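This report refers to the structure that appears directly beneath it.
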Amino acid sequence: MVEAVKHQLNMREWLAFVLVWGAAALITTTFCWLLSDIVWHGFSHISWTFLTAPPENAGRRGGIGPILVSTALILGVCLAVSLPVGISTAVLLAEFTSDQSLFGRLTRRSLDVLAGVPSIVFGLFGNAFFCKTLGLGFSILSGGLTLACMVLPILIRSTEEGFRAVPPNYRLSAASLGLSRTTTLIHLLLPAAVPGLLVGLVLSVGRAIAETAALIFTSGYVDRMPESLLDSGRALSIHIFDLSMNVSGGDANAYASALVLVISLLIINGITSWLAAYRLHRKIVTL
């Protein structure tokens, strides 16, 4: 009887081992295959001229200089709006709102629902509100504000979890020393919650920089160099979509643009990981 139970447990452990490692191998293989395909077809087309020159012949030739500028401006508007609003809301939910309060429960449930809304819905909202109601038209500002609305739920929830991960002893020790809640928040809780904030930032940037559907309805298709935030601008993701779906003979530049997008995401993730590790190292050294 005992041997049969041991054999059954061993079979379950072996099956769980195979499933876990099989899933990990499948995900890793798929990622490596996609990355190698993009590198294989796109690396030879990347040059300084490609990164700085404007598109020519509907994007078949030329570069992506104005596209990169438009993408950076859209992402900048998105972060300039979403970071202060997201951090402030996360502080309100984590530090000043009870878990059992009606306001807190409704707000968190609403954020969870919004995080799962398809991006095209945000695009339609941005087109109706920012482009038409506010009169911003198809512009970089409209696209950035729409992306800010889209990434706010992720950023707020991740930052809130970062604040909740801070040990209660921090708050109790600060209160025993007579520190105000504002001082405790700025000098103690906010630095301790940086890892959660960085996680939300990485997820938000990753979703924003690769977004297509929401920007088609807000920032537009224009591929010239923008002169202001009220100019229409084509994001890199839209450029890739247009070259691969609407422009015959644009596959080469589409692959090169996709490789630039992947490299940009890897650089952003790498910088964020380094900042988190540096922050943790400084915290350990201080202790």
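Worth pointing out:
- Label-point separation in nm, M11 to S98, each point 7 Å along Cα→Cβ: 5.2 nm
- Over the stretch 148-287, relative contact order from alpha-carbon pairs under 8 Å, at least 6 apart, %: 21 percent
- The chain: relative contact order as a whole-number percent, Cα under 8 Å and 6+ apart: 25 percent
- Simple Cβ-charge dipole of the stretch 155-287, Lys/Arg +1 and Asp/Glu -1, about Cα centre, in debye nearest 20: 840 debye
- For the chain, the longest principal axis of the Cα atoms and the long axis of helix 194-209 meet at an angle of about 20 degrees.
- Computed from Cα atoms, the angle from the helix 2-42 axis to the main principal axis of the chain rounds to 30 degrees.
- Local net charge near V113, Cβ-Cβ under 15 Å (Lys/Arg +1, Asp/Glu -1): +3
- Dipole axis of the chain (+1 Lys, Arg; -1 Asp, Glu on Cβ), positive-most option in G220, S110, M245: S110
- Selected from R12, R109, R234 as most flexible by GNM, with the chain as the system and alpha-carbon contacts under 10 Å: R12
- Value of [θ]222 nm, deg cm²/dmol, for the chain, DSSP H segments ≥ 4, -39500 (n - 2.57) each, nearest 500: -23500 deg cm²/dmol
- Cα gyration tensor shape of the stretch 48-286, rounded if a/c is under 1.5, else prolate or oblate by comparing a/b with b/c: prolate
- If the segment from W33 to V20 were pulled out straight at 0.36 nm per residue, it would be longer than the present Cα-Cα gap by 2.7 nm.
- Protection proxy ranking for 170-183, 60-73, 236-249, 124-137, using the average of other Cβ atoms within 10 Å per residue and placing the highest first: 60-73, 236-249, 124-137, 170-183.
Bear in mind that the values in this text are calculations on the coordinates, not laboratory data. Just so it is clear, the model here is predicted, and its values are computed rather than measured. Every residue, glycine among them, receives a Cβ derived from its backbone with ideal geometry; neighbour counts consider all protein chains shown.
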